[in-house]
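Scroll down for the structure; my scribbles are underneath it.
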Amino acid sequence: MGKKAIVTGGSRGIGTAIVKTLAADGFQVAFSYLSNKEKADLLVEEITSQGGSAAAFQADTSNFESASAFVTKAREFLTDVDLLVNNAGITRDKSLFIMQQSDWDQVINTNLTGYFNVTRNLIGYFFKNKRGCIINITSVSGLVGINGQTNYCASKAGIIGFTRALAKEAAKLSIPVNCVAPGYVDTEMTRSMPEKHLEEIKNMIPMRRMGTAQEIADLVSFLASDKARYITGQVFTIDGGLTA
Ligand SMILES: NC(=O)c1ccc[n+]([C@@H]2O[C@H](COP(=O)([O-])OP(=O)(O)OC[C@H]3O[C@@H](n4cnc5c(N)ncnc54)[C@H](O)[C@@H]3O)[C@@H](O)[C@H]2O)c1
């Protein structure tokens, strides 16, 4: 029987590429979407029409109860779970001196606490089954400081600490827990930046282009495969040489 995966924030961007790639790898996939039901339904239809199996569930993963309800529904659909990909994330970029408490709270609650909320609701199941795999999407912003991103950098660095500590707890059960840290990737998140800023970013990247969501999904696909079973507690940067 094929493997089964839960993915958060699957209705667009990197999350959609991860859902499609895992489905192509033979995973049955349950993914969450925050608000765009139409896009989520289209993705389910696309995967189903290609012979795969997927289901979408509305959830605000920054809220513990909502994350818990999502995991319950995902488990009912999948009956078994082999993989969790925490991907849902937001930015609220601005200099600290004008950053509102709400900018700080929304980013920490979604990017960091959201990963706790979903993982906490699944980890007991993984531990009991002595099987599972967790991949957390962080960012190069968790490794280096970026102007205007004190909230985002703190959340993404927090994910790295969370991943490393959980990897130690899960290693005795051979459950790998790793991070993928993308640089700049062409998605709606980055498309909202001013054109001039995007050009400056491309010029900073040694490969002179942004990454694609598919390139991130391909790395996730490898880490989710048996080929990566001895890798745990690591951060895989994928950034066209930005942090080389
Ligand atoms: N795009 C980049 O350049 C880039 C770089 C590094 C890391 N990342 C990370 O990759 C992940 C995906 O980013 P993306 O570029 O695809 O962004 P995106 O904005 O296109 O998609 C983010 C997804 O997260 C979901 N989401 C946001 N808040 C949520 C909440 N409270 N509950 C549930 N879902 C929620 C959205 O609905 C959406 O599906 C994020 O964690 C982001 O921080 C992105």
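How much net charge surrounds LEU223 when only the other residues with a Cβ under 12 Å from the Cβ of LEU223 are counted, with Lys and Arg +1 and Asp and Glu -1?
Net charge in that neighbourhood comes out at -1.
Evaluate the relative contact order of segment 4-238 (contact order divided by residue number), counting alpha-carbon pairs under 8 angstrom at least 6 apart; express in whole percent.
Details: 439 pairs, mean separation 47.6, N = 235.
Averaging sequence separation for qualifying contacts and normalising by length gives 20 percent for segment 4-238.
Rolling a 1.4 Å sphere over the protein heavy atoms, what is the accessible area per residue of the chain, to the nearest Å²?
48 Å²
Can you sort GLU45, GLU188 by 1.4 Å-probe accessible area, starting with the largest? Present the calculation step by step, with values, prior to reporting the outcome.
Working: GLU45 115, GLU188 75 Å².
Accessible-area ranking of GLU45, GLU188, largest first: GLU45, GLU188.
Quick one: pull the percent of accessible area on the chain belonging to carbon and sulfur, 1.4 Å probe, ligands and nucleic acids left out.
Working: 6240 of 11740 Å².
Taking all protein chains in place, the chain shows 53 percent carbon and sulfur surface.
Taking the Cα atoms of the chain alone, what are Rg (to one decimal) and Dmax (as a whole number) in Å?
According to the Cα coordinates of the chain, Rg and Dmax are 17.1, 54 Å.
How charged is the neighbourhood of PHE127? Take every other residue with its Cβ under 12 Å from the Cβ of PHE127, and add Lys/Arg as +1 and Asp/Glu as -1.
Result for the local shell: +4.
Please report Rg (one decimal) and Dmax (integer) in Å for the Cα set of segment 10-152.
Taking only Cα atoms of segment 10-152, I get Rg and Dmax of 16.0, 52 Å.
Report, in order of residue number, the helices in the chain meeting two criteria: a C-alpha extent of 24 Å or more along the helix axis, and a mean Kyte-Doolittle hydropathy of at least -0.5; treat each whole DSSP H run as one helix.
150-171
The values are calculated or read from the model by the stated rules, or taken from the named source; none is laboratory data. Please read all numbers here as calculations on a predicted model, not as lab measurements. Glycine also receives a Cβ, built like all others from the backbone with ideal geometry; neighbour counts cover every protein chain displayed. Quick note on the areas: whole protein, heavy atoms, side chains included, nothing else; ligands and nucleic acids left out. Shrake-Rupley method; radii C 1.70, N 1.55, O 1.52, S 1.80 Å.
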